[in-house]
Amino acid sequence: MVFKRFVEIGRVAFISFGPHAGKLVAIVDVIDQNRALVDGPCSGVRRQAMPFKCMQLTDFVLKFPHSARQKCVRLAWEKENINEKWAATRWAKKIEAREKKAKMTDFDRYKVMKAKKMRNRIIKHEMKKLQKMSSKKGKKPEKSEKAPKSEKAPKSEKAPKTQKAQK
């Protein structure tokens, strides 16, 4: 497996757990093999040392010098529109959907259940239609032969029964 995201100055990381969980930070400096100096000027995370275990590296990289001031990091962050790019990623959308689902009330879950049932009923109905259409296309000659056999006996028997009911 070839790694594509490396720990480097300017790499944007997502904090997965801890007091700042769910926020984005930029790596400003590497302290040692276990910790980095991070800064999140637009996400509300103050400059601090943070272990790599708490961070998940993203695809975004900012261009600023090693140990840059917060002002420089903020300018690079805003220039690259990191918050907008992050909101557009599948990763962020999945996190947002998970939070939205966790905040649902009982009635919201009930409405979702009913909507899913209705959707599945419609899909099932359409699939049955398509299956009938495909089976008719494959068996046209056979049905034309069977049709005359079913018409002869039942109609003649039903007529006398209706006459007896009228008398």
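Scanning the range 108-124 for residues that are modelled with pLDDT of 95 or more, in a helix (DSSP H, G or I), open to solvent by 100 Å² or more (accessible area, probe 1.4 Å) and not charged (D, E, K, R) turns up at least one hit. Among residues of the range 75-94 that are of a type in the set (Gly, Ala, Ser), those with a beta-carbon under 6 Å from a residue that is in a helix (DSSP H, G or I) at least six positions away or on a different chain give the pairs Ala92/Trp86. For the range 25-74, the candidate set comprises residues that are assigned to a strand (DSSP E or B) and out of contact with any strand residue (DSSP E or B) (no Cβ under 7 Å at 6 or more places or on another chain); within that set, the residue that is most open to solvent (accessible area, probe 1.4 Å) is Arg46.
Inside the range 1-24, residues that are part of a loop (DSSP other than H, G, I, E, B), touching a Leu at 6+ places or on another chain (Cβ under 6 Å) and of a type in the set (Gly, Ala, Ser) make up a count of 1.
The values are calculated or read from the model by the stated rules, or taken from the named source; none is laboratory data. This is a predicted model, so every value here is computed, not measured. All Cβ positions, glycine included, derive from the backbone under ideal geometry; neighbour counts span all protein chains shown. Only protein heavy atoms, including side chains, enter the accessible area calculation; ligands, DNA and RNA are left aside. Shrake-Rupley method; radii C 1.70, N 1.55, O 1.52, S 1.80 Å.
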